[in-house]
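**Student:** Could you have a look at this structure, given as C-alpha cells, before my questions?
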Amino acid sequence: MNISLWFGMLVLNFFLIMFFFRLWGKTGLTVWVNISCIVSNIQVIKTVDFFGFEATLGNIIYATCFLATDILSEFYSEEDSKKAVNMGLFSLISMTLLMQCALFFTPSENDFADPALHTIFKIMPRIAAGSLAAYYISNRFDIFSYNLLKRKTKGKYMWLRNNLSTMLSQMLDTVVFTLSAFAGVYDRKILLEIILM
C-alpha cells in the first residue's frame, strides 16, 4: 500500500509544482519552495515501512524544492533560485517559532488538538535545526551544481542537469538532516535505513 501511495504522492507533487509554475511563474515556484520546506518538515516526523525498510515521509515534497530551484535557474536566474531558498529558510524558522509559541498557550477545556500539536511540534526545534542546516547546504549545492552543469553542457541536457544535481543534493541533504535530527533518537541501523530510503 505504501508503495502505491508513494507513487500517487509523487504524481500529485509533480502536478502541483507544474500548476504553480503555469499559473504564477517565478512567484509560484518561490511559493512552492516555501510550501515544500514547511510541509516536508511536518511529514518527516512520520516513519513508514517502505520496500521493507524504515523511511520518513517528506522526501518527495522536499525533492520538489530542488526541482523548483532548478526551474528558477533555468528560466529566470541563479539569484532568483537563491532568493527562493532564503525565503524557504525563513519560512521554516517562522513556522517553528510560531508553533513553539502556540504550545505555551493553555488550552480550553473543550480543546481536543493540544496533545496532537505537542506531539507534532514539540520535536520541531530539533527537526527544524537539522532541516535548516541540511536545507541551506543542499539547496545552495543544488543551485551551484545545476548552474555548473548548465555552463558545462552549454545549456543542453536540462533533464540530465536537473536529475544529476537533484540526486546529489538530495543525498547530501539526507545525510546531513538524518544525522542532525535523528541521531540518538533512532539506533544506527534505523538511521542507515532512513538515509538509504
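The values are calculated or read from the model by the stated rules, or taken from the named source; none is laboratory data. No experiment lies behind these values; they were computed from the predicted model shown. Methodologically, a virtual Cβ is constructed for each residue, glycine included, from the backbone with ideal geometry; neighbour enumeration extends over all protein chains shown. For accessibility, only protein heavy atoms count, side chains too; no ligands or nucleic acids. Shrake-Rupley method; radii C 1.70, N 1.55, O 1.52, S 1.80 Å.
**Student:** Kindly indicate whether Ile60 is modelled with pLDDT of 90 or more, surrounded by 13 or more Cβ atoms within 10 Å (Cβ to Cβ) and either part of a loop (DSSP other than H, G, I, E, B) or in contact with a Leu (Cβ under 7 Å, 6 or more places away or on another chain) (or both). So that I can check it myself, show each step before the final result.
**Tutor:** Values: modelled with pLDDT of 90 or more: no; surrounded by 13 or more Cβ atoms within 10 Å (Cβ to Cβ): yes; either part of a loop (DSSP other than H, G, I, E, B) or in contact with a Leu (Cβ under 7 Å, 6 or more places away or on another chain) (or both): yes.
Against the criterion (modelled with pLDDT of 90 or more, surrounded by 13 or more Cβ atoms within 10 Å (Cβ to Cβ) and either part of a loop (DSSP other than H, G, I, E, B) or in contact with a Leu (Cβ under 7 Å, 6 or more places away or on another chain) (or both)), Ile60 does not qualify.
**Student:** Need the failing condition index for Phe53 against (1) surrounded by fewer than 17 Cβ atoms within 10 Å (Cβ to Cβ); (2) in contact (Cβ under 8 Å) with a residue 60 or more places away in the chain; (3) under 23 Å from Leu132 (Cα atoms), just the number.
**Tutor:** Checking Phe53 against (1) surrounded by fewer than 17 Cβ atoms within 10 Å (Cβ to Cβ); (2) in contact (Cβ under 8 Å) with a residue 60 or more places away in the chain; (3) under 23 Å from Leu132 (Cα atoms), the one that fails is (3).
**Student:** Let me ask something additional. Name the pairs: first residue in the range 3-21 and in contact (Cβ under 8 Å) with a residue 60 or more places away in the chain and part of a helix (DSSP H, G or I), second residue open to solvent by 90 Å² or more (accessible area, probe 1.4 Å) and not charged (D, E, K, R), Cβ to Cβ under 9 Å, at least 6 apart or on different chains?
**Tutor:** none
**Student:** Next question. For the range 145-197: of the residues being open to solvent by less than 60 Å² (accessible area, probe 1.4 Å) and of a type in the set (Lys, Arg), which is farthest from Ile45 (Cα to Cα)?
**Tutor:** Taking the candidates together, the pick is Lys150.
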